[in-house]
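Trainee: Mind having a look at this structure? Questions to follow.
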Amino acid sequence: MQRKTNIVWIILAIVAALFFADEILGFVGAILGIVFSIGLTGLLVLALAAGAFALAVFVGCSVGLALTIAVVALVMSLFGWLLPYLVVGFLVYLAVRKKPNTV
């Protein structure tokens, strides 16, 4: 009895894969694309901060100043990465805010 239901589920999965293969592959591709894009961008941002820290230490700055430079570089790179989202959010805010009444 248990083996018969397993075969039915396998057949249903194959039929579903045949009918919805494009949607399933598109969904898997979208998930993988998001994971890779965020992961690679995050690694690039961290590498930029580490490079700023290393450059500051090599020039002769103290560790505290080098950490400050690395944090500033990290904030600037994250701001550049998030800038399109901030601009779209600001435009949405301008579109939906209540306008003051002029006298």
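The values are calculated or read from the model by the stated rules, or taken from the named source; none is laboratory data. These numbers were taken from a predicted model, which means no experiment stands behind them. Positions of Cβ are backbone-derived with ideal geometry, glycine not excepted, and every protein chain shown enters the neighbour counts.
Trainee: Based on this model, can you work out whether V8 counts as farther than 30 Å from L82 by Cα, out of contact with any Cys (no Cβ under 6 Å at 6 or more places or on another chain) and part of a helix (DSSP H, G or I)?
Mentor: Criteria met by V8.
Trainee: Find the residue count for the range 47-64, including only residues that are closer than 20 Å to L78 by Cα and hydrophobic (A, V, I, L, M, F, W, C).
Mentor: 9
Trainee: Which one is farthest from G89 (Cα to Cα) among residues in the range 31-79 that are of a type in the set (F, W, Y) and surrounded by 10 or more Cβ atoms within 10 Å (Cβ to Cβ)?
Mentor: F53
Trainee: Among the residues of the range 9-20, are any surrounded by 10 or more Cβ atoms within 10 Å (Cβ to Cβ), within 30 Å of A70 (Cβ to Cβ), at pLDDT below 90 and not β-branched (V, I, T)?
Mentor: The answer is no, given that none of the residues of the range 9-20 is surrounded by 10 or more Cβ atoms within 10 Å (Cβ to Cβ), within 30 Å of A70 (Cβ to Cβ), at pLDDT below 90 and not β-branched (V, I, T).
Trainee: Which of the residues spanning the range 50-103 are at pLDDT 85 or above and either polar (S, T, N, Q) or touching a Ser or Thr at 6+ places or on another chain (Cβ under 8 Å) (or both)?
Mentor: The answer is S62, T68.
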